[in-house]
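Engineer: One structure follows; several queries about it will come next.
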Amino acid sequence: MASSQAYFRFILEQLSGLEDVRCRAMMGEFILYFRGKIVGGIYDDRLLVKPVPSAVRYMPQASYELPYEGAKAMLLVNEVDDRAFLEGLFCAMYDELPVPRLKKEK
């Protein structure tokens with residue numbers, strides 16, 4: 001099941017207080033970037049983030065869920081109604097997120 005545009009717009013609105021939040025549509029779902037790093041995504045109307053140590057500490061009760069079959073487990077964010085929580089989570093995670101790989105020139 002693909003994520004709805006309404007949920008996608010809601011999450012982007014909740015993150016609108018942060019600078020440089022971008023998204024990329026991918027097969028009916030959305031990958032979320034924060035300051036150029038992949039922080040997580042929207043899958044089946046769920047906000048999932050990478051399970052970096054800071055995210056686990058920030059959300060110790062969060063469950064691990066698969067974004068899609070065959071993928072690595074990610075953390076489910078239940079507190080999507082709390083803007084301050086989401087902004088704090090993304091900021092806490094930033095330093096531990098992997099730097100994107102550069103594409104080779106052809």
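The values are calculated or read from the model by the stated rules, or taken from the named source; none is laboratory data. Treat the numbers as computed from the prediction; the structure is a model and nothing was measured. Note that each Cβ is placed from the backbone with ideal geometry, even for glycine, and that neighbours are counted across all protein chains shown. Heads up: the accessible areas ignore ligands, DNA and RNA and are worked out on the full protein's heavy atoms, side chains in. Shrake-Rupley method; radii C 1.70, N 1.55, O 1.52, S 1.80 Å.
Engineer: For residues in the stretch 17-28 being open to solvent by less than 70 Å² (accessible area, probe 1.4 Å) and not β-branched (Val, Ile, Thr), which is nearest to the chain's Cα centre (by Cα)?
Structural biologist: So, considering only residues that are open to solvent by less than 70 Å² (accessible area, probe 1.4 Å) and not β-branched (Val, Ile, Thr), the one nearest to the chain's Cα centre (by Cα) is Cys23.
Engineer: Let me ask something else about it. State the number of residues belonging to the stretch 1-11 that are touching a strand residue (DSSP E or B) at 6+ places or on another chain (Cβ under 7 Å) and either aliphatic (A, V, I, L, M) or more than 14 Å from Asp81 (Cβ to Cβ) (or both).
Structural biologist: Final tally of qualifying residues: 4.
Engineer: Something else now. Checking Leu48 against (1) touching a residue at least 40 places away in the same chain (Cβ under 8 Å); (2) open to solvent by less than 20 Å² (accessible area, probe 1.4 Å); (3) out of contact with any helix residue (DSSP H, G or I) (no Cβ under 9 Å at 6 or more places or on another chain), which single condition isn't satisfied?
Structural biologist: (1)
Engineer: Something else: Can you go through Leu32, Leu15, Leu47 and tell me which one is touching a Leu at 6+ places or on another chain (Cβ under 7 Å), of a type outside the set (Gly, Ala, Ser) and closer than 12 Å to Leu89 by Cβ?
Structural biologist: Leu15
Engineer: State which residue is most open to solvent (accessible area, probe 1.4 Å) when the search covers only the stretch 63-84 and only residues that are at pLDDT 95 or above and more than 22 Å from Ser4 (Cβ to Cβ).
Structural biologist: Looking at residues that are at pLDDT 95 or above and more than 22 Å from Ser4 (Cβ to Cβ), I get Tyr64.
Engineer: Checking the conditions here, which among Gln14, Gln5 is open to solvent by 50 Å² or more (accessible area, probe 1.4 Å) and polar (S, T, N, Q)?
Structural biologist: Testing whether each residue is open to solvent by 50 Å² or more (accessible area, probe 1.4 Å) and polar (S, T, N, Q) leaves just Gln5.
Engineer: Next up: Within the stretch 1-28, how many residues are outside any loop (DSSP other than H, G, I, E, B) and not hydrophobic (A, V, I, L, M, F, W, C)?
Structural biologist: The total comes to 7.
Engineer: Against the definition (closer than 15 Å to Ile31 by Cβ and assigned to a loop (DSSP other than H, G, I, E, B)), how does Pro60 come out, yes or no?
Structural biologist: No: the conditions fail for Pro60.
Engineer: Within the group Ile31, Ile42, which residue is in contact with a Ser or Thr (Cβ under 6 Å, 6 or more places away or on another chain), open to solvent by less than 80 Å² (accessible area, probe 1.4 Å) and part of a strand (DSSP E or B)?
Structural biologist: Ile42
So that you can scan it fast, the table gives a plain yes or no per residue for (1) in a loop (DSSP other than H, G, I, E, B); (2) in contact with an Asp or Glu (Cβ under 8 Å, 6 or more places away or on another chain); (3) among the aliphatic types (A, V, I, L, M); (4) within 23 Å of Ser16 (Cα to Cα):
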{"site": "Ala71", "(1), (2), (3), (4)": "yes, no, yes, no"}
{"site": "Val80", "(1), (2), (3), (4)": "yes, no, yes, yes"}
{"site": "Leu86", "(1), (2), (3), (4)": "no, yes, yes, yes"}
{"site": "Met93", "(1), (2), (3), (4)": "no, no, yes, yes"}
{"site": "Pro100", "(1), (2), (3), (4)": "yes, no, no, yes"}
